[in-house]
Every structure is written in structure tokens, then in C-alpha cells.
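K.L.:
I have a structure here, written as C-alpha cells, and I will follow up with some questions on it.
Every read-out reported here was derived from the displayed coordinates using simple, explicitly stated rules and does not represent laboratory data. Predicted, not measured: the structure shown is a model, and the values here were computed from it. Glycine also receives a Cβ, built like all others from the backbone with ideal geometry; neighbour counts cover every protein chain displayed.
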Protein chains: 6
Amino acid sequence: MDDQSPETLAPVIDQLMDAGALDAYFTPIQMKKNRPATQFSVLVQPADRDRLAELVLRLTTTIGVRYQTLNRTVMNRDFETVQTQFGAIRVKVATFKDIAKRTPEFEDCLAAAKHYHVALQDVYQAVYRKLD
Amino acid sequence: MDDQSPETLAPVIDQLMDAGALDAYFTPIQMKKNRPATQFSVLVQPADRDRLAELVLRLTTTIGVRYQTLNRTVMNRDFETVQTQFGAIRVKVATFKDIAKRTPEFEDCLAAAKHYHVALQDVYQAVYRKLD
Amino acid sequence: MDDQSPETLAPVIDQLMDAGALDAYFTPIQMKKNRPATQFSVLVQPADRDRLAELVLRLTTTIGVRYQTLNRTVMNRDFETVQTQFGAIRVKVATFKDIAKRTPEFEDCLAAAKHYHVALQDVYQAVYRKLD
Amino acid sequence: MDDQSPETLAPVIDQLMDAGALDAYFTPIQMKKNRPATQFSVLVQPADRDRLAELVLRLTTTIGVRYQTLNRTVMNRDFETVQTQFGAIRVKVATFKDIAKRTPEFEDCLAAAKHYHVALQDVYQAVYRKLD
Amino acid sequence: MDDQSPETLAPVIDQLMDAGALDAYFTPIQMKKNRPATQFSVLVQPADRDRLAELVLRLTTTIGVRYQTLNRTVMNRDFETVQTQFGAIRVKVATFKDIAKRTPEFEDCLAAAKHYHVALQDVYQAVYRKLD
Amino acid sequence: MDDQSPETLAPVIDQLMDAGALDAYFTPIQMKKNRPATQFSVLVQPADRDRLAELVLRLTTTIGVRYQTLNRTVMNRDFETVQTQFGAIRVKVATFKDIAKRTPEFEDCLAAAKHYHVALQDVYQAVYRKLD
């Protein structure tokens, strides 16, 4: 994308997410004629591809959208809740074969950090302390 | 690409475009051994793939070229011309279903900006003023 | 910054802006040991430097903050309002010697785009049409 | 990848290379919620895909791995050795149709540069002088 | 830096660190003539400036080095050791006014992760669990 | 810079260089509100600062320009010419204390590469072969 300002391009990530995209992100690239441009990538469920491709055409200056089908190896996801001095925080539990990962839920941590006036990483550390 | 200097890599974009590539761009990446490297991407018509892959091998230090086939959803494109205080400027008109986008042609705007000694965005704004 | 996750670093821009910073931004960098890191820059009024430097130490994992004094050449800023088919939009008017620039206010354009269900750049173009 | 620090992500490139990946690199990206994040890409032989995808799940915070199959056009590779004032340096000779490229082997050049206390590019230039 | 390959530039970070630099990093930039280049930044103690500037001139292709003096607000640093199921890990304790931050030492965590065949973030989490 | 498209920003590098700037480059950055923006940096002789700052205000959408004075350690520069199978190529010779660096002049190499239909790095290597 080289003919849209960053200002007008930025809100499109949220609009795609609100419309059902799995994820969306920008990659800084360098195009012809020395243009400091941005590549806009959107991950969608195959069933949403045409609908979300059309939304990109509607919301940005681009003339076309390139797409491809990818495969995924995904871990199983579940949720736990831990009690910390900053309140209850949900933890995402991901498992795959013998791998197990627990990571604190960002939105819960952010809300707690604001409520208790502490740094976000203090909340994260409080959660880690409760994980075995 | 981690064994070619930016200086010798830069002209390759133009050479690929002159040879018929649809688009070409650089993406800054970070490779092993702490190398601040560049990924070189070229978009080509399928019929040109072998010819342009060979050109990349000829013009750069790379030992191999990776490729994949992509699909595109593209808007219909047509051209209009608008008269502004900076002369005649072509406008690209893209349509798809109920979406219509008009964007000024860059090369026309640049030439007008240089001729009339104004900023490029002044020419763009003059064009927008003529679009309904 | 190489020891903080993007997730915990991202909200810090808004917190610094809310606390009175003039601007704040991230620059992707590559640090030693092959770390894909981020440089965090904050622009502040000189009188706010110590207060905001301390806030960065509080909100991030960094051990120190580097700072320097810069000078600025700034245009004069004023506001106008234009009436478009998408409602009233404020326009920032910047002047300096014989240079005059008018740019639509982003927040007004975004609100109008959402209200009228149009692309953001359609609102911008509607504003440009009203500028002489 | 937006929930892992650069510090903990950086060693993963070497671990993937040691485990048999063909190449691995980071791309700076910008994700939702203003996250200055990193995309981690790994190139592997098809037969290694499941094993190395699992290794990524084990070594990083990611919940899933996306993958696709690519094709390659690769030059033929052979090795020569040249004698320079900095000792013997291997040179990679790549050929494809009428294209021939000779590039000095990095590790040999680095070792020679350290041994003779010269800049790395001085060793490279010494090698170029020996190539016809 | 636009006339040096990433391959030959990468080792310079370590060489500057070994020679006493406080820190060194690369920033991807886009220079004239469409060059995907790299900015090389080095942080040094003022007394080391001339010596390390000369080292950069010696080790890279650059013709000149730009420098400026910066100020720093730095937290007080001390070390603690915690015992985890992965052995003893040093923790950096940074304090400034009422701010206190504890972060595990990277090299200790990396060594423990390799020795116990676990992911690096598992070691970090084990350390966080021991911090109050 | 977050309110100008890459397309309209790109020509400004050349315009600044034509007006006497020593160098100009773009750095990809991430600004507030998730904007994938660009930082525009220009290096100028102190005597040109006001004139070129005004030119940036004229040619871009920016409202202000920040500046600072830097110092430089610069090598002595001279030119030599070498004869290669691709014609005469100028070589920049840079010296400082006991450091001596010879690098081929880019524009000469590019012209020769086009004239003889060879890759740019073949011309560079031909030049290196002639340097002692």
C-alpha cells in the first residue's frame, strides 16, 4: 500500500477485526520509486475470504487483494483463572502432545494494572507466581 | 538476501519492473548471525515466472529463488482526466460491485508539481476538488 | 527495549500521551544477540522531562532513559471548519512565511466515516473538495 | 509473535537452525492494539515440517504455526579454494545455465579477519582479487 | 550504511561490544536511490568516543561517523540470586525512588534452559514465582 | 510523518538532495493510534538548516521540523581511477590515521553494468581485482 496515509490506514486493522478477521497486521516495506510503504496482511477463515477481501477494497485505496490458503498446526486452548493480589486474572492454557503453556490474558492484566495503578508487568509477574 | 550491499541491490527493483514484473519490493528482516538483511519480493504473471526468476539469479547474489502461486481479487480499472489549475491530470477509476474509488495518477501529479513549483499534495488536493 | 513483550509495551504509548507527552513512537531495531527489539521514543516539553522519564521507568522494564534537547521550527496553527455531505469537519490550517497547508482533522473524519458508513478517505476527499 | 520478549525469542533462530531448519528469520511487524511485534519465519524441508513446527510450539509462546509449501529454483553449488595473503579461503561457486557466481565463504573470511586483525571486507577484497 | 553487505556488517556489533561499547544496534532505514540500508548506532562512554569511532571506521565501509552527547537517567542496579527447580538464577534488582523492578538475568536463564531442556520462558516463569 | 502517503513522500528525498542536503532517509516507525508511519531525517550543513527546514515544511504535510547539531569524525577522501574489462571506474580512497579504504564509485559501476549487460556485482568484483 503506497497511496494511503498511515493515518487513514491505521483504523482498518480494527475494522477488519470487528468484521471477523482472525488477525491483521502491517509490515513496513520499501516499494519502487523509493516509497516507504506498508504491506497490509489479514488472516481470515476461508469462508470469510470474499467478504473480508471486499471490505479491504472498500476501506482502503488498494485496487486489488492477493490471497492464498495456509494450513495451521494449532495447540488446544482452554482457560483457567488465578487469584492474585490484583484480583482474578484469566490464564490461557495451551496444550499439544507433551507441551503445556500458560500465559496471562492481556485484557485482564491491563484492566488490573489500571485499577491498582501498577505497571502491567507487575500484574503478569503476580500471575506467574500463582502458576505451578 | 544477506550477502549483497544495499547499493548493489537497489537498482534491481527497476530492472525487474523494466523486464515486466507487476511489482517488486524490499522487506527489512533479521537473519541468523545478527544480519540486518533484506527480503526481495517480486510479483509476476505466471507466464513470466521462469524468465524473471532467472533474471533475479543473474542480477543478485542469491543462490535460489522461492516462489508460490497467489490468487487475486482485482477491481475494474478505467481512466478519466480532470482539468485543474495545474493542468490536465489523469485519474484512475476503480470499480467493484458498489465500490468506486478515484485516485490521481502519481506521474501526472509529480510532473505538474515540478512544472508549477508547488508541493505534490497541492496537486493531489486540486484533483480531489474536481471529483464529485 | 529487549526484555519486554510487545503486548506489555504497546499500552505505554497511550499512557505517556495521557500524561502529557507531545508524541511517542516505536522504532524496530536489531540489538546484540540477534534480538528483534524496539526503540521507544518520547517527545516532551522540557519542563516535563523528569516527570515523564520517571513514568517510563515505572511503566516499562527499562533500567535507564537517554534524553537530549532538540530545537523545533514550527508552523503557526489555526482551525477552520468546513461543511461537507458528511457533516462539519475541522481543518487544521498551518502557516509559515508564504506556506499554507490545510489538512482535515483525523478524529472528525473518523467519526464521520463511522456515522455515514463510508471509507475514511471518502471523508477526506469531501473535505478537500471544500478547500480552495 | 506479540507476547514474547525479544530477549527470549532471539535464541530460537539458532535452536531451529541446529535442529535442521534451512533458514530462519524475524520480520518487524505492527499488530493490533499498537503492538510492535515480530513475525518469525522458518524454512524447512517438507519432511521436517511437523517436527520443526512442534519445536517452535515448544520453544516460543505461540499457540499456533501457519505453514505453506513453496517451490524453489536453485543454482548448482560447488566449492573452490583460493589462496590469499590471509590464508586459504573457500569460495562458493553457483552455476545455472550461463550464470556463474563466486562468493567467498563467510565463516572462512571471519576467521581470517580475526586471525590477521584486519577488517572483514579486506579479506573479501583479497578473495575477489584472486577470482578471474 | 549502504555499501556494506549484512553479512560483513553483522559481526561489528560484537566487536564494538568486546571493545567496550555500552550497546550497539541496527535500525533498518531507506536511503536515496531506493537503497534498503541499515543505520548503525553505538552507545559509548564519552571517554571511549574517539577510540570506538576509529574502530567503526576501521571495521566498516563508512567514511564518517556522526556523534552527539546524551544524558541518562539511570536506576540503581544490584543483584540477587534465587533458587529455582532449574538451579540458581541471578536477578537484576533496579531501584529508583519508589520504583523497584526485578528481572531475571538472561545468560543464567539461557544456560539453565539448555541444561534442563526446557523453553527459556519456563525458566523465566520459575524465577518470577520466587520473587515476592 | 503520519498524514502523508508514501507515494507523495517518496520524491522529497531527491528534492532535498537536489537542494543541497548531505543525505536524507526514511525510518519506518510505529506511532500512536496504530499508525504505520515514517520518520523523515535530513542531514545538512549548519548554514543550510533554515533554508532546508523551510523546504521540508513546503514539500511535506508536516507542521514542524525538529533539529539538532551533530559532530562528525570524517576520513580524508580522494579519488583514483582503475581500468577494468568494463572500462574506467573511479574509486573513492578514504584515509584516516593508518586506515585506508578503497570502494568503487556506484554510478560508474552502474553505468558500466548497463553498458556491458552484466550484473552490478560483477563490475564491483572487476574493480576489486585491480586494487592492491
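K.L.:
Could you work out the mean count of beta carbons from other protein chains within 10 Å of each residue's beta carbon in E:95-101?
P.N.:
Partner Cβ neighbours, averaged per residue: 4.
K.L.:
For the stretch C:60-132, what D do you get in µm² per second when you plug the Kirkwood radius from alpha-carbon pairs into Stokes-Einstein at 25 °C and 0.890 mPa s?
P.N.:
After rounding, the answer is 169 µm²/s.
K.L.:
If contacts are Cα pairs under 8 angstrom and at least 6 residues apart, what is the relative contact order of the stretch A:59-118 in percent?
P.N.:
It rounds to 23 percent for the stretch A:59-118.
K.L.:
State to the nearest 20 debye the size of the charge dipole of the protein assembly as shown about its Cα centre, where the only charges are +1 on K and R beta carbons and -1 on D and E beta carbons.
P.N.:
0
K.L.:
With point charges of +1 on the Cβ of Lys and Arg and -1 on the Cβ of Asp and Glu, referenced to the Cα centre of the stretch C:21-132, which listed residue (C:L43, C:V91, C:Y67) lies farthest in the positive direction of the dipole?
P.N.:
C:Y67
K.L.:
Collect residues whose amide H, placed 1.01 Å from N in the peptide plane, falls under 5 Å from the amide H of B:I29; neighbours closer than 5 in sequence don't count.
P.N.:
When sequence neighbours closer than 5 places are left aside, the close amide H contacts are B:A37, B:T38, B:Q39.
K.L.:
Here is a follow-up. Where does helix D:49-59 land angle-wise versus the long Cα axis of chain D, in degrees 0 to 90, nearest 10?
P.N.:
Computed tilt is about 70 degrees.
K.L.:
Sort shortest first the distances from B:K97 to its counterpart in every other copy, using label points 7 Å along the Cα-to-beta-carbon line, and give them in nm.
P.N.:
Here the equivalent label points are 4.2, 4.2, 5.0, 5.4, 6.7 nm apart from this one.
K.L.:
To continue, here is another question. With θ set to phi - 60°, apply the Karplus curve 6.51 cos²θ - 1.76 cosθ + 1.60 along the stretch B:113-129 and write out the HN-Hα couplings as whole Hz, x wherever there is a Gly or Pro.
P.N.:
For the stretch B:113-129, the Karplus curve yields 4, 6, 5, 9, 6, 10, 6, 4, 5, 5, 5, 4, 5, 4, 5, 4, 5 Hz.
K.L.:
Which of F:I29, D:I63 has the fewest other C-beta atoms within 10 Å, and how do the rest follow up to the most?
P.N.:
Starting with the residue having the fewest Cβ neighbours, the order is D:I63, F:I29.
K.L.:
Using the Cβ atoms and a cut-off under 14 Å, what net charge is assigned to the surroundings of D:T81, where Lys and Arg are +1 and Asp and Glu are -1?
P.N.:
-1
K.L.:
With a cut-off of 8 Å between alpha carbons and a minimum separation of six or more residues, what is the relative contact order of chain E in percent?
P.N.:
Over chain E, the number comes to 15 percent.
K.L.:
Rounded, prolate or oblate: which one fits the stretch A:44-102, using the alpha carbon gyration tensor with axes a ≥ b ≥ c (rounded when a/c is under 1.5, else prolate when a/b beats b/c, else oblate)?
P.N.:
Cα axes put the stretch A:44-102 in the oblate bin.
K.L.:
Same structure again: Can you classify the protein assembly as shown as rounded, prolate or oblate using the Cα gyration tensor, where a ≥ b ≥ c are the square roots of its eigenvalues, rounded means a/c under 1.5, and otherwise it's prolate if a/b beats b/c and oblate if not?
P.N.:
It is rounded, given that a/c, with a ≥ b ≥ c, falls under 1.5.
K.L.:
Give, rounded to the nearest 20 debye, the magnitude of the charge dipole that chain F has about its Cα centre when Lys and Arg contribute +1 at Cβ and Asp and Glu contribute -1 at Cβ.
P.N.:
Its charge dipole is roughly 380 debye.
K.L.:
Evaluate peptide F:61-69: per residue, the Cβ atoms of other protein chains within 10 Å of its Cβ; return the mean as an integer.
P.N.:
Mean shielding count: 6.
K.L.:
How crowded by other chains is A:71-82, given as the mean number of beta carbons from other chains within 10 Å of each beta carbon?
P.N.:
Taking the mean over all residues of the peptide, I get 3.
K.L.:
Another one. For B:F106, what is the net charge nearby, where nearby means another residue's Cβ is under 12 Å from its Cβ and Lys, Arg count +1, Asp, Glu -1?
P.N.:
Local net charge: -1.
K.L.:
Over 18 Å, how big is the tail of the calculated P(r) for chain D, in percent of all Cα pairs?
P.N.:
Here the long-distance tail beyond 18 Å is 67 percent of all Cα pairs in chain D.
K.L.:
For the stretch E:20-94, with only Lys/Arg (+1) and Asp/Glu (-1) charged at the beta-carbon, what is the dipole magnitude about the Cα centre, in debye rounded to 20?
P.N.:
Once rounded to the nearest 20, the dipole reads 400 debye.
K.L.:
Continuing with the same structure: Counting only other residues whose beta carbon sits under 14 Å from that of D:R72, what net charge do I get with K and R as +1, D and E as -1?
P.N.:
Around D:R72, the surrounding residues sum to 0.
K.L.:
Applying the Karplus parametrisation 6.51 cos²θ - 1.76 cosθ + 1.60 with θ = phi - 60° to the phi angles of the stretch E:34-40, what ³J(HN,Hα) value in whole Hz is obtained for each residue in order, glycine and proline being reported as x?
P.N.:
Karplus values, whole Hz, x for Gly and Pro: 6, 7, x, 10, 9, 9, 10.
K.L.:
So which lysines pass the test for C:K92, namely a Cα distance under 24 Å, with those fewer than 8 places away in the same chain ruled out?
P.N.:
C:K92 reaches B:K130, C:K101, C:K114, C:K130, F:K32, F:K33.
K.L.:
Residue by residue through the stretch A:79-92, which ³J(HN,Hα) values in whole Hz follow from phi under the Karplus form 6.51 cos²θ - 1.76 cosθ + 1.60 (θ = phi - 60°), with glycine and proline marked x?
P.N.:
Those phi angles translate into 10, 10, 10, 10, 9, 10, 5, 9, x, 7, 10, 6, 10, 7 Hz.
K.L.:
How many angstrom lie between the Cα centre of the stretch A:49-126 and the Cα centre of the stretch F:86-131?
P.N.:
51
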